[in-house]
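Quick note: the coordinates plus some simple rules give every number you see, no bench work behind them. Treat the numbers as computed from the prediction; the structure is a model and nothing was measured. Here Cβ is always computed from backbone atoms with ideal geometry, including for glycine, and neighbour counts include all displayed protein chains.
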Amino acid sequence: MQGASVRWMLGLCTAILVAAALSAAQPVLAPVVFAIFTIALVWPVQVTLQRRIPKLVALLATTALALGALAVLALVILWAFGSVGTWIVANAAELTLLYQQKVAWLEARGIPVAGVIGTFDPRRAVGIAQRVLAQLQGTLTFLLLTLVFVALGLAEVDVARRQLERRGEGVPAALLRAARRSAGKFRTYMMVRTIMSMLTGLVVWAFAKVIGLELAAEWGAIALVLNYIPFIGPLVATLFPTTFAILQFGEWQAALTVFVVLQVVQSVGGSAIEPWLTGARLAVSPFMVLLAVFLGSLLWGIQGAFIGVPVLIGALVLCEEFPASRWVAELLSGRDGPLPR
């Protein structure tokens with residue numbers, strides 16, 4: 001019993017040390033992990049292009065394609081948050097008056113709130129938007145470094161594949177199979193997230209237009225981009241327009257309607273449409289998905305929240321390839337019964 005306790009303590013200490021090391025190594029490891037994930041996504045494009053044009057030109061074209069896709073998403077979210085901040089500044093006087101009216105209404109009914117929440121300052125809301133923009137601008141620098149690793153990695157994929165194939169069966173063959181299967185699952189995952197992000201953004205935009213919520217296009221854009229981060233992204237994309245509805249309409253009923261409708265939209269997409277699109281191709285427990293998102297965000301911030309699920313998928317695929325660890329993949333798949341071989 002004492003030996004088992006010691007092993008558990010050693011395991012816990014090892015896990016804490018590994019987590020601390022991963023967090024400290026974020027500037028180096030995070031771009032590398034993102035680059036591997038991106039290479040898995042764009043490799044079919046690289047293969048198709050290099051059959052028709054020189055390999056170096058195909059590599060540059062594939063890297064440019066990845067850069068273009070990331071730049072579009074970054075510019076969309078920067079534009080959306082910038083528009084929200086501009087609206088708040090332009091309507092600062094009306095928002096201050098609305099705040100004072102609501103506080104007076106609550107104080108008249110014996111609810112002391114002025115001393116608790118203080119005075120309304122539109123600069124606070126603008127400051128939140130500016131901090132989000134600063135975080136996103138830092139992400140742009142991170143993405144540029146990632147693309148350098150992508151370009152270098154794409155040039156060596158064929159070499160690494162041939163090296164593993166020359167070593168025959170056993171661990172090298174299992175690693176090669178795991179890499180191929182993981183890449184396929186990554187592409188399925190991103191395809192589903194892209195489809196759902198576009199649908200979610202469109203529904204949010206349409207709903208905002210119908211109820212008369214200003215900046216409808218911006219809320220749709222924010223929902224589209226943040227939906228790429230499971231759980232956390234959709235929640236944030238719901239809270240922003242909900243808060244904005246209070247500022248615009250001045251009624252909690254309108255804000256509650258916005259919150260409930262957007263939550264229903266997110267829930268239908270996450271619990272019904274996404275599982276239907278992925279089917280049995282992504283055998284991952286929803287509990288583990290949530291854990292991967294929160295653990296990733298704890299270690300690496302926004303980048304970790306996004307990459308946490310792909311890392312989990314890759315780890316489970318690797319576990320499936322080895323008999324000694326296959327039970328781990330089955331346990332964390334969220335499915336009853338063995339996984340198909």
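Using the average count of surrounding beta-carbon atoms within 10 Å as a protection proxy, the listed peptides 220-230, 294-304, 73-83 rank, highest first, as 220-230, 294-304, 73-83. Rounded, prolate or oblate: which one fits the stretch 132-231, using the alpha carbon gyration tensor with axes a ≥ b ≥ c (rounded when a/c is under 1.5, else prolate when a/b beats b/c, else oblate)? Verdict is prolate for the stretch 132-231. Place a point 7 Å from the Cα of residue 158 along the Cα-to-Cβ direction; which residues of the stretch 55-72 have their backbone N under 15 Å from it? Output list for this probe position: 55-62.
Can you pull the one-decimal nm distance between simple spin-label points at residue 29 and residue 251, each 7 Å off the Cα toward Cβ? Those two pseudo-labels are separated by 5.1 nm. Tell me whether the stretch 15-90 comes out rounded, prolate or oblate; compute the Cα gyration tensor, take square roots of the eigenvalues as a ≥ b ≥ c, and use a/c under 1.5 as the rounded threshold. It is oblate, given that a/c is not under 1.5 and a/b is not larger than b/c.
Subtracting the Cα-Cα distance of residue 166 and residue 97 from 0.36 nm times their residue separation leaves 17.5 nm of extension gain. I'd like the distance between the alpha-carbon centres of the stretch 163-230 and the stretch 1-69, rounded to an integer number of Å. Here the two parts' Cα centres lie 16 Å apart.
Tell me whether the stretch 6-51 comes out rounded, prolate or oblate; compute the Cα gyration tensor, take square roots of the eigenvalues as a ≥ b ≥ c, and use a/c under 1.5 as the rounded threshold. Prolate, since a/c reaches 1.5 and a/b exceeds b/c. Here the simple spin-label model places points 7 Å from the Cα toward Cβ, and for residue 10 and residue 326 these points are separated by 2.9 nm. Residue separation of residue 69 and residue 263 scaled by 0.36 nm, minus their Cα-Cα distance, works out to 67.1 nm of gained length.
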